[in-house]
Amino acid sequence: MNGKPFFDTNLIIYAFREDDPRCEVARVLLATGGVISVQVLNELVAVLRRKLNFHWDDVLAAVDAVRTLCPTIVPITAATHEAALKIAVRYGYQIYDALIIAAAIEAKSKTLYSEDMQDGQEIEGTTICNPFIKSSRASS
């Protein structure tokens, strides 16, 4: 297994939202480094521009910072898409979440940090972890 966690877009977005109480947790996790996919970068750009109204210079700086902390970037290939379809059917995830899970599995990440998926669920060796809730796993 890869020692680096995989980050869903929501966790990265919180790192740029100083007005959000989840910001500090997101920044601490992101500072340790990890893995992302091209999908995460695309979603990051879309949210920073449309929802948070970042200027393009700030978007580019944010993308550079994320790519520095997460230098392993998983491409979304036809094989990733096929794996995501199987995950969506088997586990009931929407396709975009299933693509994140498939990319994390492809990267061999043991942990997938996400707020939007089922905390504690293990799929093909990757465990989904919502770092914003307390669970029994956190104390073990």
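Structure notes:
- Ranking of Val66, Val47 by neighbouring Cβ atoms within 10 Å, starting from the fewest: Val47, Val66.
- Neighbour cut-off at most 15 other Cβ (10 Å), DSSP loop, trypsin sites (Lys or Arg not before Pro), the range 35-83: Lys51
- Normalised contact order of the chain, rounded percent, pairs of Cα under 8 Å and 6 or more residues apart: 28
- Applying both filters, DSSP loop and at most 13 other Cβ atoms within 10 Å, to the GluC sites (Glu not before Pro) of the range 94-126 gives Glu124.
- Neighbour counts of C-beta atoms inside 10 Å place Ile95, Ile73, Ile100 in the sequence Ile95, Ile73, Ile100, starting with the fewest.
- Scaled to the globular estimate 2.2 N^0.38 Å, the Cα spread of the range 18-134, given as radius of gyration, is 1.07.
- Proxy reagent accessibility, fewest Cβ within 10 Å first, across Leu99, Leu29, Leu69, Leu11: Leu69, Leu29, Leu99, Leu11
- Applying Stokes-Einstein at 10 °C and 1.306 mPa s to the Kirkwood radius of the range 72-139, computed over alpha-carbon pairs, gives a translational diffusion coefficient of 130 µm² s⁻¹.
- Among the DSSP helices (H) of the chain, those spanning at least 15 angstrom by Cα along their long axis with an average Kyte-Doolittle hydropathy of -1.0 or more are 38-50, 56-69, 78-91, 95-106; this is a geometric and hydropathy rule only.
Bear in mind these aren't lab numbers, they're just calculated from the coordinates by the rules spelled out. Keep in mind the model is a prediction, meaning the values are calculated, not measured. Because the Cβ atoms are built from the backbone with ideal geometry, glycine has one as well, and the counts that use them run over all protein chains shown.
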